[in-house]
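Trainee: Supplied in structure tokens, the structure appears directly below.
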Amino acid sequence: MRLLSIVLTLVLLVCFLGFVVTNLDTQIDRVTVWKTVHEDVSLHLVVILSLLAGALWVGIIGIGQGVQAWLVNRRLSREIQKLETELNYLRTQPVTRAATGADSTDEDERAPSSRQAMEIREDGVPLPSAPVYGSDDDGDPDDDVYSGGRAV
């Protein structure tokens, strides 16, 4: 798409330059802009001014669309950051019996104290205090498993 835009712009520029070169001596008797009347104006000046006005209009529209896209990207970045924060928070929560779906009627067995829940699970495996990612370590010493910033 970018190549097509460049080619069409070059074709338009060549056509414009060809028009200006072939009409350098052409004069227009009278040009009226609102209530102002201009007499004996060169045709190529009229075309140049109209192209500049069009370029200015396209530039203003482009700036408006760029600002709109920037605002949407900013809103979506904030939403992604909130979701990543929530995901990291949920990853660091201890797994409890209630979360694993174990059925028990005894209230004390279903809800162990927070100290017990944070230290070990039922099967004796200690709970992690930070998100744990897979062991796909390729031996790169500069690669941290957990950066603390964004979800991996």
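Trainee: For the stretch 2-95, state the semi-axes of the equivalent ellipsoid (square roots of 5 times the eigenvalues of the alpha-carbon gyration tensor), sorted largest first and rounded to whole angstrom. Kindly include the intermediate steps, with their values, before the conclusion.
Mentor: Numbers: eigenvalues 604, 63, 4 Å².
Rounded to whole Å, the semi-axes are 55, 18, 5.
Trainee: Another question, then. When the chain is fully extended, how far beyond the present Cα-Cα distance does Thr36 get from Val58, taking 0.36 nm per residue of separation? Numbers along the way, then the final one.
Mentor: Working: separation 22, 0.36 × 22 = 7.92 nm, distance 2.55 nm.
Length difference between fully extended and current span is 5.4 nm.
Trainee: Ok, one more. Could you give me the ³J(HN,Hα) list for the stretch 25-32, computed from phi with Karplus coefficients 6.51, -1.76, 1.60 and θ = phi - 60°, whole Hz, x at Gly and Pro?
Mentor: Each residue's phi maps through the Karplus curve to give 9, 6, 10, 10, 4, 7, 10, 10 Hz.
Trainee: Would you mind checking which residues have amide H under 5 Å from Ile28's amide H? H placed 1.01 Å from N; only 5 or more apart, or other chain.
Mentor: Val41, Ser42, Leu43
Computed from the coordinates by the stated procedures, all read-outs in this text should not be read as laboratory data. These figures come from a predicted structure and were not determined experimentally.
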